[in-house]
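The values are calculated or read from the model by the stated rules, or taken from the named source; none is laboratory data. It should be emphasised that the depicted structure is a prediction, and the values quoted were computed from it without experimental measurement. No Cβ is skipped: glycine too gets one built from the backbone with ideal geometry, and neighbour counts run over all protein chains shown.
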Amino acid sequence: MRTRLFTSILLFFVFSVTINAKVRFASVFSDHMVLQRNSLVSVWGWANPGEKVYLVGSWLPTDTIVVEANNDSSWSAEIRTGEAGGPYTLKAWDWEETVLNDVLLGEVWLCSGQSNMEWSVNHGILNGEEEVAKADIPAIRFYHVPKIGSGNPQENCLVSWEVCTSETMRQTSAIAYFYGKNLRDSLNVPIGLIVSAWGGTPAEVWLPSEHVTGNAELEKASKVRDDFKWWPKQPGRCYHSMIQPLMPYGIAGAIWYQGESNAAVGQTATYDLLMRSLIQSWREGFRKEFPFYFVQIAPYAYGENDRAYLVREQQTKTGAYPNTGMVVIWDLVDDVKNIHPKNKQAVGKRLANWALAKNYGWTDLVYRSPQYQSMRIEKNKIRIFFDSVLTGLTSPDKKIVGFTIAGEDRQFVPAEARIDGKSVLVSAKNVKKPMAVRFLFGNASIGNLFTKEGLPVAPFRTDSFSE
């Protein structure tokens, strides 16, 4: 009898709590958030099962959306946003109202990768304290995802949006901040930056685990690394808890800086395949073929057996994937023994120039580094042709460095290089019948060949010889 009474009381208590559960949003929706402007954005959360949920944004006060919570208490809706502006409110209610305040409409970008994306002023960047002093920019907002891995899909990130102040900027991704600041200065609209990065992580932890384990080539490559104390290595661990809970939040696109971890274990042959799978899986999750701009890893003195230059080559291949763009930064490195180049300002600016030119219609920007296009043998020389050379090539030094050339023996030796208009002539005295040319094909190679507009030429090789 007592057991039945206790059970009845318990059920009554649970039922009472359930029927009085306040409608709530997923954690990515909070005060100070930025919603993607001029879009139909997804909004979701939880309420009483079967309960009607009403939503209205104060930017469209007469447009009320009505949805019904499912039997698992979840609900989702799509709300139309307008031109950039704010602050606004977003209200949701069933029997009680929940209000999100200080909501802005603007441009939202996802910023992800490993330590160079995570790197903040607190870690040490160029002129960090000077940048902090001028970082009170209320129109920039951060959503900084905690570093938590999971073997299973998660629904929440348990963090809220923050206004960009000197203190919040100091603690978040410097590249994300400088990227957002360049967009803010150029577009004069609010900027939302979702920062989801974890130093040391390999690329395979950032895409759905089944995309790795379901591909024999990727699964084999993912098993080459040892366990570490400071970051996960298992496929999907960061995707499940640091990307998937954000989906399908309305974003304009993504920026990415990663690859050092894959280079450090010689995981090179599959990196392009890995990245293409990551990009497509993210686009499917966010329900948008958004642009994906990334940074080619910088020169660094890796170990003897590492092949970082092959990861750079793979990244160049990824740059050919639809709606992507690669930023080249070998000229921004002042110490090849530091895997974290300090000049994050220029990296953020170059990424922003891709977005401004490709997404926002700015026609006066030179944003793409020249890449190898073709070669032609001219007696004992090889002429190298590039794409994206508008007015010509140049070097600040008399001698151009970084080129090697090989003949029929396939042995590469240092080469002389001479600019000839928009092409480069490469030769070596002892190579009479040249076959192939390489440029900056080394872990820590830094060159001095630029476009006249100041962008560095991307590393390349003309051959496909085995290493």
Legend entry - Single match in Pro49, Pro87 (criterion: assigned to a loop (DSSP other than H, G, I, E, B) and either in contact with an Asp or Glu (Cβ under 9 Å, 6 or more places away or on another chain) or not β-branched (Val, Ile, Thr) (or both)): Pro49
Inset, instruction - Please state which one of Ile446, Ile400 is under 23 Å from Val327 (Cα atoms), among the aliphatic types (A, V, I, L, M) and in contact with a helix residue (DSSP H, G or I) (Cβ under 6 Å, 6 or more places away or on another chain). - result: Ile446
Legend entry - Among (1) over 17 Å from Gln258 (Cα atoms); (2) touching a Ser or Thr at 6+ places or on another chain (Cβ under 8 Å) - the single one Gln296 does not satisfy: (1)
Inset, instruction - Within the stretch 98-115, identify whether any single residue is out of contact with any strand residue (DSSP E or B) (no Cβ under 7 Å at 6 or more places or on another chain), within 30 Å of Trp198 (Cβ to Cβ) and part of a helix (DSSP H, G or I), and answer yes or no. - result: yes
Inset, instruction - Specify the residue that is surrounded by the fewest Cβ atoms within 10 Å (Cβ to Cβ); the eligible residues are those in the stretch 191-215 that are of a type outside the set (S, T, N, Q) and touching a strand residue (DSSP E or B) at 6+ places or on another chain (Cβ under 6 Å). - result: Val195
Inset, instruction - State all residues of the stretch 414-447 that are farther than 19 Å from Ala301 by Cα, among the charged types (D, E, K, R) and without any contact (Cβ under 8 Å) to a residue 40 or more places away in the chain; if no residue qualifies, say none. - result: Glu416, Arg418, Asp420, Lys422, Lys429
Legend entry - Residue tally, condition more than 17 Å from Pro456 (Cα to Cα) and surrounded by 14 or more Cβ atoms within 10 Å (Cβ to Cβ), over the stretch 302-320: 9
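Can you name every residue in the stretch 360-391 that is closer than 11 Å to Val424 by Cβ and either touching a Gly at 6+ places or on another chain (Cβ under 8 Å) or in a strand (DSSP E or B) (or both)?
Scanning the stretch 360-391 gives Tyr372, Met375, Lys381, Ile382, Arg383, Ile384, Phe385, Phe386.
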Inset, instruction - Taking Tyr143 as the residue in question, decide whether it is in contact (Cβ under 8 Å) with a residue 40 or more places away in the chain and assigned to a helix (DSSP H, G or I). - result: no
Legend entry - Residue that is surrounded by the fewest Cβ atoms within 10 Å (Cβ to Cβ), among those in the stretch 409-467 that are assigned to a loop (DSSP other than H, G, I, E, B) and of a type in the set (Phe, Trp, Tyr): Phe465
Inset, instruction - Say whether the condition of being modelled with pLDDT of 95 or more, more than 24 Å from Phe441 (Cβ to Cβ), surrounded by 18 or more Cβ atoms within 10 Å (Cβ to Cβ) and under 24 Å from the mean Cα position of the chain (by Cα) is met by at least one residue in the stretch 332-343. - result: yes
Legend entry - All helices (runs of 4 or more DSSP H) inside the stretch 174-275 with 2 or more residues being of a type in the set (Gly, Ala, Ser): 174-187, 216-222, 260-264
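Each row is one residue, and each column tells you yes or no for (1) closer than 23 Å to Leu449 by Cα; (2) out of contact with any helix residue (DSSP H, G or I) (no Cβ under 9 Å at 6 or more places or on another chain); (3) without any contact (Cβ under 8 Å) to a residue 60 or more places away in the chain.
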residue	(1), (2), (3)
Gly250	no, no, no
Gly266	no, no, yes
Asp272	no, no, yes
Met275	no, no, no
Leu278	no, no, no
Asn305	no, yes, yes
Glu313	yes, no, no
Thr318	yes, no, yes
Inset, instruction - Pull up the stretch 358-370, narrow it to residues that are of a type in the set (D, E, K, R) and either under 16 Å from the mean Cα position of the chain (by Cα) or modelled with pLDDT of 95 or more (or both), then point me to the one that is nearest to Thr391 (Cα to Cα). - result: Arg368
Inset, instruction - Take the stretch 261-291 and flag every residue that is surrounded by 24 or more Cβ atoms within 10 Å (Cβ to Cβ) and within 15 Å of the chain's Cα centre (by Cα). - result: Leu274, Met275, Leu278, Trp282
Inset, instruction - Select from the stretch 392-408 the residues that are closer than 18 Å to Phe460 by Cα, part of a loop (DSSP other than H, G, I, E, B) and touching a residue at least 60 places away in the same chain (Cβ under 8 Å) and list them in ascending order. - result: none
Inset, instruction - Test each condition in (1) out of contact with any strand residue (DSSP E or B) (no Cβ under 9 Å at 6 or more places or on another chain); (2) within 23 Å of Thr270 (Cα to Cα) for Pro341 and report the one that comes out false. - result: (2)
Inset, instruction - Output yes when any residue across the stretch 10-29 is of a type in the set (Lys, Arg), at pLDDT 90 or above and either part of a helix (DSSP H, G or I) or under 23 Å from the mean Cα position of the chain (by Cα) (or both), and no when none is. - result: no
Inset, instruction - For residues that are assigned to a helix (DSSP H, G or I) and touching a residue at least 40 places away in the same chain (Cβ under 8 Å), tally how many sit in the stretch 163-173. - result: 3
Legend entry - Meets criteria (in contact with a helix residue (DSSP H, G or I) (Cβ under 7 Å, 6 or more places away or on another chain), touching a residue at least 12 places away in the same chain (Cβ under 8 Å) and assigned by TED's automatic domain parsing to the domain that holds Ile137) for Ser209: no
Inset, instruction - Could you tell me whether the stretch 345-357 includes any residue that is modelled with pLDDT of 95 or more and over 22 Å from the mean Cα position of the chain (by Cα)? - result: no
